[in-house]
Amino acid sequence: MSSAPVVLEVSDLKKHFPIRGGLLGTPVGHVYAVDGVSFSIRRGETLSLVGESGCGKSTVGKSVLRLFPLTSGQVVLDGKRIDDMPASSLRMLRRKIQVVFQDPFSSLNPRMRVRDVIAEPIINFGLAKDRADLDRRVAHALDTVRLPTDAAGRWPHEFSGGQRQRIGIARALAAEPDIIVCDEAVSALDVSVKAQIVNLMQDLQKELGLAMLFISHDLAIVEHMTHRVAVMYLGKIVEVADKRSLFGAPRHPYTEALLSAVPVPDPTAKRDRIVLQGDVPSPIRPPSGCRFHTRCPYVMDRCRKEEPVLTPDATGHLAACHLHDLPASQNPLNKAGPTAFRAA
Ligand code: SF4
């Protein structure tokens, strides 16, 4: 995995939305939705971006897709900078980076037959040599997502939620992308259907060697399907590690609290739930120092003044927390972590 080429590299990405007020709509402040986020994804790898709603994870996805201009930072796709690419040059970007949205009911045009839904990106990007090649590609895309060929002649409303999400994935794959952004792609589905779609995506990733940015608030799903995890809080990444390391021994108090809320599959396993006090602060006025200090059960004086930086341990597990500057015996994160994950 580590020798695979990097497909997507994001450096110090910021997206601040202006807030306008008064009759003239003059800027009166900013929503600091994403405030200095960096990560990379290699071919064949899934990186999951997790955190509570409003933490900025979907804004990262939309920034990478260039759905709006960035405030600052760099996004490099297949070795080419795309953050400063003019709109007229974004065509090839749209092919290489595809998206699967959360809601399979509204993301498909109800007036287009499935065949036309899947054919659209193939035609737009000039991928088919002729009509026969177009038909072959549509049939292949349906087959790839395990839908029958006769699905092509039917309408989106004739399918269940899970089948519609398969159609959405087929449409994304038809563009022959290098990376797929899945924005809460299974959140709207029933539990059993969710598992089927997650298994399908895992299989496809292995078969096709795709890179995947999986944006989700559902850690149980993330644990099942990801290689690495980046945890976001209030516009910043606070922890990044491979799945086993992060779920087994979280190095940030916020991650520890998130994991404590994940249902344990083994009823004999014991885990104490950590209930965070207070609400997530406003991204308009983020707290000073560590942004998590208003809710952190281990807050120290230093945390209110000094912002911690993402720092790796000996294994490369990154965390932004002052606790790691304490002697190991005084670091409360070194106590036994979430039992179920430690056993994994
Ligand atoms: Fe908590 Fe301080 Fe670590 Fe922030 S830096 S997570 S407030 S202990």
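Which of (1) of a type in the set (A, V, I, L, M, F, W, C); (2) under 30 Å from SER63 (Cβ atoms); (3) in contact with a Leu (Cβ under 6 Å, 6 or more places away or on another chain) is the odd one out, the single condition VAL100 does not satisfy? It is condition (3) that VAL100 fails. Among the residues of segment 40-55, those that are open to solvent by 20 Å² or more (accessible area, probe 1.4 Å) and within 16 Å of LYS14 (Cα to Cα) comprise SER40, GLY54. For segment 302-318, the set of residues classified as assigned to a loop (DSSP other than H, G, I, E, B) and within 14 Å of the ligand (Cβ to nearest atom) consists of GLU306, GLU307, PRO308, VAL309, LEU310, listed by residue number.
The single condition among (1) open to solvent by 10 Å² or more (accessible area, probe 1.4 Å); (2) over 16 Å from the mean Cα position of the chain (by Cα); (3) under 21 Å from GLU120 (Cβ atoms); (4) of a type outside the set (A, V, I, L, M) that ASP178 does not meet is (2).
Identify the residue in segment 319-332 that is part of a loop (DSSP other than H, G, I, E, B) and in contact (Cβ under 8 Å) with a residue 40 or more places away in the chain and, among all such residues, is farthest from the ligand (Cβ to nearest atom). Residue satisfying both the conditions and the ranking: ALA320.
Across segment 88-134, the qualifying residues are those that are open to solvent by less than 60 Å² (accessible area, probe 1.4 Å), in contact (Cβ under 8 Å) with a residue 60 or more places away in the chain and under 21 Å from GLY209 (Cα atoms), and the one among them that is farthest from the chain's Cα centre (by Cα) is ARG95. Can ASP143 be described as among the charged types (D, E, K, R), closer than 22 Å to VAL198 by Cα and loosely packed, with under 14 Cβ neighbours inside 10 Å? When the stated conditions are applied, ASP143 passes them. Segment 188-249 holds strands (runs of 3 or more DSSP E) entirely within its bounds, and those carrying 1 or more residues that are touching a residue at least 60 places away in the same chain (Cβ under 8 Å) and over 14 Å from the mean Cα position of the chain (by Cα) map to 236-242. Of note, SER72 does not satisfy the criterion of being closer than 17 Å to LEU318 by Cβ and either surrounded by fewer than 18 Cβ atoms within 10 Å (Cβ to Cβ) or modelled with pLDDT of 95 or more (or both). Looking at the structure I just gave you, is SER160 at pLDDT below 95, farther than 19 Å from LEU200 by Cβ and surrounded by fewer than 16 Cβ atoms within 10 Å (Cβ to Cβ)? The answer is no for SER160.
The values are calculated or read from the model by the stated rules, or taken from the named source; none is laboratory data. Quantities reported herein were computed from a predicted structural model and do not represent experimental measurements. A quick note on method: Cβ atoms are made from the backbone with ideal geometry, for glycine too, and the neighbour counts reach across all protein chains shown. These area figures cover heavy atoms from the full protein model, side chains too; ligands, DNA and RNA do not enter into them. Shrake-Rupley method; radii C 1.70, N 1.55, O 1.52, S 1.80 Å.
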